[in-house]
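Single-structure report; data block below.
Just so it is clear, none of the values below were taken in a lab; they were calculated from the coordinates. The shown structure was predicted, so the numbers you read here are calculated from the model rather than taken from an experiment. Cβ sites come from the backbone with ideal geometry, for glycine too, and all protein chains shown count toward neighbours.
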Amino acid sequence: MPVVPSVGFQIRTLPVGYKRVNFNNRSYYAHNGIYFVKVNNYYEVITPEIGTVVYELPEDVEKVTIDGARYYEFNNVLYEKIQVDGTRAYEVIGFVEN
């Protein structure tokens, strides 16, 4: 499992290849399973909101089975595969406690 920055960690520049994600009238920036919001002149690592939809999962995502259903987990965020306008996507449905 890769080392991921903690919630609250700040960077000045987003990583190359980030994607913009909009949810609940808020813009996020996502890169390889890490979510950022702009705070003043920085980008701060956050936990995504339940219901956030992304179209790609991180390379190191783990498949998990809960009550017979298949989900995907990365950095304690649990995703469910869904369809959005005929396109495969993944919705944040909860969080895994360690």
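Here the label points at Val7 and Ile93, each 7 Å from Cα along the C-beta direction, are separated by 2.1 nm in the simple model. Only lysines eight or more places from Lys63 in sequence, or on another chain, were considered; those with a Cα closer than 29 Å are Lys19, Lys81. What shape does the stretch 45-98 take by its C-alpha gyration tensor, where a ≥ b ≥ c are the square roots of the eigenvalues and a/c under 1.5 counts as rounded, a/b above b/c as prolate, and the rest as oblate? It is oblate, given that a/c is not under 1.5 and a/b is not larger than b/c. Filter the chymotrypsin sites (Phe, Trp or Tyr not before Pro) in the stretch 17-73 to those in DSSP coil with at most 14 other Cβ atoms within 10 Å of their Cβ, and list the result. Within the stretch 17-73, the qualifying chymotrypsin sites (Phe, Trp or Tyr not before Pro) (loop, at most 14 other Cβ atoms within 10 Å) are Tyr55.
Here the Karplus relation 6.51 cos²θ - 1.76 cosθ + 1.60, evaluated at θ = phi - 60°, turns the backbone of the stretch 75-92 into coupling constants of 6, 6, 9, 9, 10, 10, 6, 9, 10, 10, 6, x, 10, 5, 8, 9, 10, 5 Hz, with x for every Gly and Pro.
Starting at the first residue of the stretch 41-55, write each ³J(HN,Hα) from the Karplus equation 6.51 cos²θ - 1.76 cosθ + 1.60 with θ = phi - 60°, in whole Hz, x for Gly and Pro. In residue order, the calculated couplings are 9, 10, 10, 10, 5, 10, 8, x, 6, 4, x, 4, 10, 10, 9 Hz. Taking GluC sites (Glu not before Pro) across the stretch 16-98, the ones in a DSSP loop with at most 16 further Cβ atoms lying within 10 angstrom of their Cβ are Glu49, Glu56, Glu59, Glu97.
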